[in-house]
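The values are calculated or read from the model by the stated rules, or taken from the named source; none is laboratory data. Only a predicted model underlies this, so the values are computations on that prediction, with no experimental measurement involved. Every residue, glycine as well, gets a Cβ built from its backbone with ideal geometry; the counts of neighbours run over all protein chains shown.
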Amino acid sequence: MTVPHTTTSRTFNLLLILGLLLAIFPMVVSSDSLFMIFDRLFSAHPSALLQGLLMPIMMLLGWLHGFSFMIGTVICFWCAGRFLLRPERPVMPAAVLIPLLCDGYVFAQALPFLAVPRGAGIRPMGWVFFTLLLACGMTVFGLVYVTGQFRTQQNKAFCGIGIFLSLLPIPIMMSSLRLMAAIKGFELEP
């Protein structure tokens, strides 16, 4: 007799919805509109107490605007991994899927550059820093996970593929920005 996983599936669905909302938040709400809301709130209510209460909320929204795509995509990729590695029907071996999801997550971080206007000159130093940290973390995570699978799994070929895929996040990070620049036609300033 099996117990229905209603609580687990509800939590999973809510987490996936949260990840999608966080991922699209910076695309739907521009930073200019956030600053306009900040200005209107603080000019309309000059009370120091109200400003003291609203300031942490506005700072959280500003921080969330900058990092919500990274946070949302990691939630979505985690949910995808959980869905694809269901115990009853895994799509592919975990030693291959986990590094593949790490590679996809690193590549997805370049997708917001598709919103950059054609011919614009950008200098994405912050993006490079945070994405390099993510790529290094995904490389280490993938290698640790696959070497753990290497010890327990019978099929060593899948583990070899997983090790190769685990080494790709840093090259993917470097080439994904160039790919977006080639697709959109913006220039990377030194």
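Among the residues of the stretch 33-52, is any of a type in the set (A, V, I, L, M, F, W, C) and touching a Cys at 6+ places or on another chain (Cβ under 9 Å)? Among the residues of the stretch 33-52, not one is of a type in the set (A, V, I, L, M, F, W, C) and touching a Cys at 6+ places or on another chain (Cβ under 9 Å), which makes the answer no. Residues in the stretch 40-66 that are in a helix (DSSP H, G or I), free of Cβ contacts under 8 Å to residues at least 12 places away in the same chain and surrounded by 10 or more Cβ atoms within 10 Å (Cβ to Cβ): R40, L50, Q51, L53, M55, I57, M59, L60, W63. Considering F25, F35, the condition of being outside the structural domain of I172 (by TED's automatic domain parsing) and without any contact (Cβ under 8 Å) to a residue 40 or more places away in the chain is satisfied by F35 alone. In the set G81, G52, only one residue is at pLDDT 80 or above and either of a type outside the set (A, V, I, L, M) or within 22 Å of V29 (Cα to Cα) (or both); that residue is G81. Considering M125, M174, the condition of being surrounded by fewer than 17 Cβ atoms within 10 Å (Cβ to Cβ) and out of contact with any helix residue (DSSP H, G or I) (no Cβ under 9 Å at 6 or more places or on another chain) is satisfied by M125 alone.
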